[in-house]
Amino acid sequence: MILRPASPEDAPGCAKILSDWIAETPWFPDLHSRAEDVVFVQSKIEGAEAFVLADPAIKGFVVRDGDYVACLYVAGPARGQGLGTRLLDRAKAGAGALRLWTFQANWRAQAFYRRQGFSEGRRTDGDNEEGLPDVEFLWTRKAQERTAP
């Protein structure tokens, strides 16, 4: 599995992972077409530091814009194999702190981020396009170093 910088040409493969996650998540509203998902992912890739894991098909991607992790998705069949950790470690590289949002209903993501050294910040009642309650997670290198064995 190769970890490499993402390019705009990767947007369709990354968007498929996003679209598939939306389709398999019953509580998440399907607000956009697959074509709109491609445009969304392409705009994220072009505007930030983005990486994909591929073999050669894309199995996951992460997008970091400054200290904000805008996207982190792993294809369904590839979950549970450490790919999310590998992508998040890449996002952490060179960062002193990171922040991200996930939906309160996404308990798997919350558990993952907690295992990765993130702590809960604030919660909202759904101040987002989807209208779903969400939670901010925060990570700092100093906090990570204090808890390391």
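The values are calculated or read from the model by the stated rules, or taken from the named source; none is laboratory data. Only a predicted model underlies this, so the values are computations on that prediction, with no experimental measurement involved. Every residue, glycine as well, gets a Cβ built from its backbone with ideal geometry; the counts of neighbours run over all protein chains shown.
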> Can you tell which of LEU98, LEU138, LEU53, LEU72 is among the hydrophobic types (A, V, I, L, M, F, W, C), surrounded by 15 or more Cβ atoms within 10 Å (Cβ to Cβ) and either free of Cβ contacts under 8 Å to residues at least 24 places away in the same chain or out of contact with any helix residue (DSSP H, G or I) (no Cβ under 7 Å at 6 or more places or on another chain) (or both)?
Replying inline: LEU138
>> Of the residues LEU87, LEU72, LEU53, only one is of a type outside the set (Phe, Trp, Tyr), within 19 Å of LEU3 (Cα to Cα) and in a helix (DSSP H, G or I); which?
In response: LEU87
> Looking at the stretch 1-30, which of its residues are out of contact with any helix residue (DSSP H, G or I) (no Cβ under 6 Å at 6 or more places or on another chain), over 22 Å from THR85 (Cα atoms) and outside any helix (DSSP H, G or I)?
Replying inline: PRO26, TRP27, PRO29
>> Going by what's in this entry, would VAL62 be described as on the phi < 0 side of the Ramachandran plot, crowded, with 22+ Cβ neighbours inside 10 Å and assigned to a strand (DSSP E or B)?
In response: yes
> Of the residues that make up the stretch 32-46, is at least one in contact (Cβ under 8 Å) with a residue 40 or more places away in the chain, over 14 Å from the mean Cα position of the chain (by Cα), buried (at least 16 other Cβ atoms within 10 Å of the Cβ) and more than 19 Å from ALA109 (Cα to Cα)?
Replying inline: no
> Which of the residues spanning the stretch 2-45 are of a type in the set (Asp, Glu) and farther than 15 Å from LEU72 by Cα?
Replying inline: GLU9, GLU24, ASP30, GLU36
> What number of residues within the stretch 94-128 satisfy the criterion of being among the β-branched types (Val, Ile, Thr) and either within 16 Å of the chain's Cα centre (by Cα) or closer than 23 Å to ALA50 by Cα (or both)?
Replying inline: 1
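Residues are listed down the side, and each one gets a yes or a no for (1) at pLDDT 95 or above; (2) under 21 Å from VAL135 (Cα atoms); (3) among the hydrophobic types (A, V, I, L, M, F, W, C):
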{"site": "ASP20", "(1), (2), (3)": "yes, no, no"}
{"site": "ASP37", "(1), (2), (3)": "no, no, no"}
{"site": "PHE51", "(1), (2), (3)": "yes, no, yes"}
{"site": "ASP65", "(1), (2), (3)": "yes, yes, no"}
{"site": "ALA75", "(1), (2), (3)": "yes, no, yes"}
{"site": "GLY80", "(1), (2), (3)": "no, no, no"}
{"site": "LEU87", "(1), (2), (3)": "yes, yes, yes"}
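Could you please let me know if SER43 is among the hydroxyl-bearing types (Ser, Thr, Tyr), over 24 Å from LYS92 (Cβ atoms) and in a helix (DSSP H, G or I)?
Taking the combined requirement at face value, the residue does not satisfy it.
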> How many residues does the stretch 105-130 contain that are small (Gly, Ala, Ser) and more than 20 Å from THR25 (Cβ to Cβ)?
Replying inline: 3
> Out of the stretch 75-84, which residues are outside any helix (DSSP H, G or I) and surrounded by fewer than 19 Cβ atoms within 10 Å (Cβ to Cβ)?
Replying inline: ARG79, GLY80, GLN81, GLY82
